[in-house]
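The values are calculated or read from the model by the stated rules, or taken from the named source; none is laboratory data. All values derive from a computational prediction rather than experimental measurement. Here the Cβ is made from the backbone with ideal geometry for all residues, glycine too, and neighbour counts use every protein chain on show. Surface accessibility is based on the protein's heavy atoms, side chains included, excluding ligands, DNA and RNA. Shrake-Rupley method; radii C 1.70, N 1.55, O 1.52, S 1.80 Å.
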Amino acid sequence: MRRLIFIMLLLPFSLYEAGNFTGFSWKRLEYVGEREIIDAAVRFSYPDIYSNLQELQADYSKFKPAIRYWGSWSIQVENDFLEKLFGLTRYQVRMPEEIVMVSVDGNAQFSRSDTDCPGDSGCPFTPPDNPEQGIVGTVQYGRPNYEVANDFSVEWKGAEKGSVFRSEHCFSAYINSLENKALVVSPKGTNATTVRKGYGFYLVAITGDAYGRMRISKAAFEKSKLCSIETRKAWPNVGGWAWKR
């Protein structure tokens, strides 16, 4: 009798762990296809820009995603036996600029930098066919009052300078370069802030020595790049409670 009870208890546990070790979704009672896993990662990396791999590859024609259930491309994330054993079952999907963790149910959870390359800086980003970078945002001083900074400089780091526009405490900057560039924003009388983002377009809110950021579409950047007050009022809240649009 004891042996029978032991077998009855062991069997469902073994089935459960067999599912965990092979990527089975107990929530959906199926193995979710790789394409759905990849599409979830695309939407996570490029919200409101691309909805699936096909749309992404229209701009990144040379990019081929990679997916793995075991092992890790990022030193920041484990993806090993113990995680699977205790139910932390997720795939890693390699995107052009990061590694996205997607659950076996097909839900993207978080991302980390791609570090599976020699050197301290990790893996280089995969550029799109048209390697554009555009950043639009506002500049403020930090605590305690978060006053706006009307006197500041903006420049792309390196020899290529691209274009820059400033109006009051708002700015926009654009560059087309195969090299992924950093943007240096220097309010008068305080430390500079270096904005390091990937290719594409971003909305940023610089509040002292920190900044909030959000990926936006090229159309949103084009609409915002002249810093009109009406457009700024409609920006999503990327800068938190102290942000002055």
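Tabulated data
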quantity	calculated
Leading residue by the ranking (surrounded by the fewest Cβ atoms within 10 Å (Cβ to Cβ)) among those in the range 44-97 that are among the aromatic types (Phe, Trp, Tyr) and in contact with a Phe, Trp or Tyr (Cβ under 7 Å, 6 or more places away or on another chain)	69
Test result for residue 134, under 20 Å from residue 199 (Cα atoms) and crowded, with 20+ Cβ neighbours inside 10 Å	yes
Residue check, residue 158 farther than 18 Å from residue 207 by Cβ, in contact with a helix residue (DSSP H, G or I) (Cβ under 6 Å, 6 or more places away or on another chain) and not polar (S, T, N, Q)	no
Selection count, the range 152-177, where residues are in contact (Cβ under 8 Å) with a residue 12 or more places away in the chain, open to solvent by 80 Å² or more (accessible area, probe 1.4 Å) and over 26 Å from the mean Cα position of the chain (by Cα)	2
Condition broken by residue 100, with the remaining ones in (1) more than 23 Å from residue 198 (Cβ to Cβ); (2) buried (at least 21 other Cβ atoms within 10 Å of the Cβ) satisfied	(1)
Criterion violated by residue 192 - all others in (1) of a type in the set (A, V, I, L, M, F, W, C); (2) open to solvent by less than 20 Å² (accessible area, probe 1.4 Å); (3) farther than 23 Å from residue 125 by Cα satisfied	(2)
Of all residues in the range 109-126 being of a type in the set (Ser, Thr, Tyr) and within 11 Å of residue 75 (Cβ to Cβ), the one that is most open to solvent (accessible area, probe 1.4 Å)	113
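Results for (1) among the small types (Gly, Ala, Ser); (2) in contact (Cβ under 8 Å) with a residue 40 or more places away in the chain; (3) under 20 Å from residue 164 (Cβ atoms); (4) surrounded by fewer than 19 Cβ atoms within 10 Å (Cβ to Cβ), shown as yes or no for each residue.
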site	(1), (2), (3), (4)
211	no, yes, yes, no
217	yes, yes, no, yes
222	no, no, yes, yes
233	no, no, no, yes
236	no, no, no, yes
241	no, no, no, yes
244	no, yes, no, yes
